[in-house]
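Accompanying notes for the structure given below.
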Amino acid sequence: MRQAGRIVARVLEMLKEQIRPGVKTRELDITAARELKRLGARPSFKGYRGFPANLCVSVNDEIVHGIPGERTLKEGDIVSLDLGAIFMDFHGDAAITVAVGQISPLARELVEITEGALEAGITAARGGARLGDISAAIQNHAESRNLSVVRQYTGHGIGRQMHEEPQIPNFGLAGTGPVLKKGMTLALEPMVNLGDWRTRLGDDKWTVSTADGSLSAHFEHTIAITDDEAEILTIL
Ligand code: MG
């Protein structure tokens, strides 16, 4: 899983370099497909419940599961890239939100706080802690800064399958839920909105956007629980 995770991190890093005004989201998908193949991996998402692309690309008010296509990125957009890879039968899954050129201070704050929420979740994911400790840490980080966490979509266990038990909500109560044990592998993925937490599903039946049209950001890492601090697997 470390190898699958590292591949995801490498490809995301490459995609981040490619982000600039004028790039079509489809071009990012082409890069993702090419680089996964070059690294000996397969995309986790393509064909998953019929998902048509290698990469999820969600722009501005789109939260997750955006399908790359003819949309052209513009100065001031924020774009969330979510990528899963299968390597030697194991999955890695990670997401980043990237600025396109100069973005507004509010968008910058949203992106930084969402990344901070993921870090808070990872810090809480120590062996012997409870699953609810992760959820609460993510929720508190975002809500204490007047942002909202998406409730309808969650993090998840990950391993030989992309989505395994348990579901990991981005809200919840500390001290509740199953105890985290060494060797568990989890994908934590806060989705944070500038406005309300409610979502709507697009006409393509995939793209999830904020119901109120506010901006949304998404960060994800696959981690392994140890006896102490969690190990991040989707890292170079
Ligand atoms: Mg995921």
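For segment 165-236, carbon and sulfur atoms together expose 56% of the accessible surface, with a 1.4 angstrom probe and every protein chain in place. If the Kirkwood radius is taken over C-alpha pairs of the chain, then at 10 °C and 1.306 mPa s the Stokes-Einstein diffusion coefficient equals 91 µm²/s. Going by accessible surface with a 1.4 Å probe and the largest first, ASP77, ASP227 read ASP227, ASP77. Helix content alone sets the calculated 222 nm mean residue ellipticity of the chain: runs of n ≥ 4 DSSP H residues at -39500 (n - 2.57) each, divided across all residues, give -9000 deg cm²/dmol. Taking N as the residue count of segment 54-147, its C-alpha radius of gyration divided by 2.2 N^0.38 Å amounts to 1.24. For VAL179, the solvent-accessible surface with a 1.4 Å probe is about 60 Å², rounded to the nearest 10.
Considering segment 177-230, its Cα convex hull presents a mean projected area of 5.3 nm². Rounded to two decimals, the Cα radius of gyration of segment 25-70 over 2.2 N^0.38 Å is 1.13. Computed with every protein chain present, the accessible area of THR31 is close to 10 Å² [probe 1.4 Å]. With K and R counted +1 and D and E -1, the other residues having a Cβ less than 13 Å from that of ILE86 yield a net charge of +2. Binning the C-alpha pair distances of segment 1-97 at 5 Å intervals from 0 yields a P(r) profile of 3, 15, 27, 26, 17, 8, 3, 0 %, listed from the shortest bin outward.
Taking a straight Cα-Cα cut-off under 14 Å and skipping sequence neighbours fewer than 8 places away in the same chain, the aspartates and glutamates within cross-link reach of LYS205 are GLU62. In this structure, the pairs whose alpha-carbon distance is over 27 Å, taken from LYS24/LYS46; LYS37/LYS182; LYS16/LYS37; LYS16/LYS181, are LYS37/LYS182; LYS16/LYS181.
When the scattering of segment 140-236 is computed by the Debye formula from its Cα atoms alone, each counted once and equally, what is log10 I(q)/I(0) at q = 0.10, 0.12, 0.24 Å⁻¹? Treating every Cα as an identical point scatterer, log10 I(q)/I(0) equals -0.31, -0.45, -1.29. At q = 0.14 Å⁻¹ the log10 of I(q)/I(0) for segment 126-167 amounts to -0.41, computed by Debye summation with a single uniform scatterer per C-alpha, solvent ignored.
Taken per residue, the accessible surface of the chain reaches 45 Å², heavy atoms only and a 1.4 Å probe.
The values are calculated or read from the model by the stated rules, or taken from the named source; none is laboratory data. Quantities reported herein were computed from a predicted structural model and do not represent experimental measurements. A quick note on method: Cβ atoms are made from the backbone with ideal geometry, for glycine too, and the neighbour counts reach across all protein chains shown. Note: areas computed on protein heavy atoms with side chains; ligands, DNA, RNA excluded. Shrake-Rupley method; radii C 1.70, N 1.55, O 1.52, S 1.80 Å.
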